[in-house]
Amino acid sequence: MPTLVPTESGQRDSTPPAGPVALRERARGLVRRYGVAVGCYAVLKLIGFAVFMKLVDYSGSYLTKPLRLGGGTHPWDVLASWDGWWYQQIADVGYHPQLVPITDSPWYTVQENSAAFFPLYPSLLRMVSDCTGLGLYGAGMLVSVAASLLAAAGIFAVAERLGGVRAGVIAAGLWAVVPGSGVEWAVYSDSTFVALAAWTCYALMTRQWIPAGLFTLIAGLNRPTSATLIAAVVVAALVALFRRTDGITRPLIAMTLAPLGLLGYVGWVGWRMGDWGGYFKLQRGAWLHFFDGGRFTVTALRSILLGRNDHLFASPVADLLAALFLLALPILIVLLVRLRPPAVLMVHTLLTIVTVLGSQQVFSNVPRYLLPAFPLFIPLAIALSRLSRPALTVALGTCALASGWFAGFAIFELGAP
């Protein structure tokens, strides 16, 4: 019932308080603005997810694998394997950063340690698990699904400014079906990071400096690739300072806030290990993941194209999909450049590509690691926006069905996400 508030005449006014009314109107406004885009994403994602789970169930291969490596008792257990296993361990017992040497391996020099995984996502798992009683697996799925919806809204907001509402909705839908998107609804931190990346870009595009700095700070607690967002904030702030469009204080505050999360966690790991370069030594020695200027990418691509599959971490099917995506990458870059997007999008996107292709890693994960480079798909969304509704439905629906295999099953069961 509405609260009755006495008026100056002594009568009771049945008008609800302004606060609840304002909140309801705000909520309705958000639904009107983002509802179609988020709904489009959710429907397409649900289709692909259902196909993914059906393929896992049909193959039965998860029953023969360890829980940590793509296996489990039920098909959905694969969603909490690989990185998901580590995130649950961190949420359960916390961190114990250390560098323990290995002497009996030709490749690895130190033991795997949870400190390689950033703290934001497992902290959210723990908090949601404690508040809801869902357990760490259920909490992880809830966080990832919610973050993916926020990411879809952010991608829509960015794409709308470049190509209009219809293109924005399609861009959000493409986020559900692009290569690598299988990790969006899994116990992985990717959706959380892309949500922060999209809203950071939007904040910079709309000159909201403090939110941009805060989003980037938080992203720095989620993944080391937040360095691309830090660079985008710095470039955008320097341009604003040079042009004197937004004063001095707010751009400087954004520049100061942006790197604190990343530097804070990497510094904490180094301090706990007694080695300020400890985080990078752990990544290199335990996961063979380090920047090599692109040598590994060239070696892996040559190996795949020649049909040899003799490169490190070879997974023939998943690697071939990654190679095809890599061959399409120059086309996507050219289309994005022709769109003449704001500098923040170009800086973030190009640095993400350089970081991914310039590093030694699991090659089949190239599409997954490029998920934060979502501006690459905005020109495609703008082109698709010219299709009629039936044609667009067929195109996106087909992509959704296929994504259950190429973006889900191929990564989790035929590769190593």
#### Entry: Members of the stretch 368-417 that are open to solvent by 50 Å² or more (accessible area, probe 1.4 Å) and among the basic types (Lys, Arg)
386, 389
#### Entry: Residue within the stretch 197-205 that is more than 18 Å from the chain's Cα centre (by Cα) and over 20 Å from residue 120 (Cα atoms) present
yes
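Conditions tested, residue by residue: (1) hydroxyl-bearing (Ser, Thr, Tyr); (2) assigned to a helix (DSSP H, G or I); (3) within 19 Å of residue 34 (Cβ to Cβ); (4) open to solvent by 20 Å² or more (accessible area, probe 1.4 Å).
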residue	(1), (2), (3), (4)
125	no, yes, no, no
128	no, yes, no, yes
148	yes, yes, yes, no
151	no, yes, yes, no
173	no, yes, yes, no
186	no, no, no, no
195	no, yes, yes, no
198	no, yes, yes, no
### Task
Can you tell me which residue among 272, 295, 284 is closer than 30 Å to residue 103 by Cβ, touching a strand residue (DSSP E or B) at 6+ places or on another chain (Cβ under 6 Å) and open to solvent by 40 Å² or more (accessible area, probe 1.4 Å)?
284
### Query
Exactly one of (1) more than 22 Å from residue 408 (Cα to Cα); (2) part of a helix (DSSP H, G or I); (3) open to solvent by 60 Å² or more (accessible area, probe 1.4 Å); (4) touching a helix residue (DSSP H, G or I) at 6+ places or on another chain (Cβ under 9 Å) is unmet by residue 327. Its number?
(1)
## Note on the structure
Taking the stretch 210-224 and keeping residues open to solvent by less than 10 Å² (accessible area, probe 1.4 Å) and assigned to a helix (DSSP H, G or I) leaves 212, 213, 216, 219
### Task
May I ask you to list pairs of residues, at least six apart or on different chains, whose Cβ atoms are under 8 Å apart, with the first in the stretch 16-45 being modelled with pLDDT under 85 and the second being not in a helix (DSSP H, G or I)?
16/2; 16/3; 17/3; 17/5
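Tell me which residues, restricted to the stretch 230-256, are open to solvent by less than 50 Å² (accessible area, probe 1.4 Å), touching a residue at least 12 places away in the same chain (Cβ under 8 Å) and over 18 Å from residue 198 (Cα atoms).
Result: 240, 246, 251.
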### Task
Output the number of residues of the stretch 363-405 satisfying the condition of being of a type in the set (Val, Ile, Thr) and either at pLDDT below 95 or more than 17 Å from the chain's Cα centre (by Cα) (or both).
4
### Boolean, residue 204 is surrounded by 22 or more Cβ atoms within 10 Å (Cβ to Cβ) and assigned to a helix (DSSP H, G or I)
yes
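The values are calculated or read from the model by the stated rules, or taken from the named source; none is laboratory data. None of these values were measured; they are calculated from a predicted model. Cβ atoms come from the backbone with ideal geometry, glycine included; neighbour counts cover every protein chain shown. Protein only, heavy atoms only, side chains kept; ligands, DNA and RNA dropped before computing areas. Shrake-Rupley method; radii C 1.70, N 1.55, O 1.52, S 1.80 Å.
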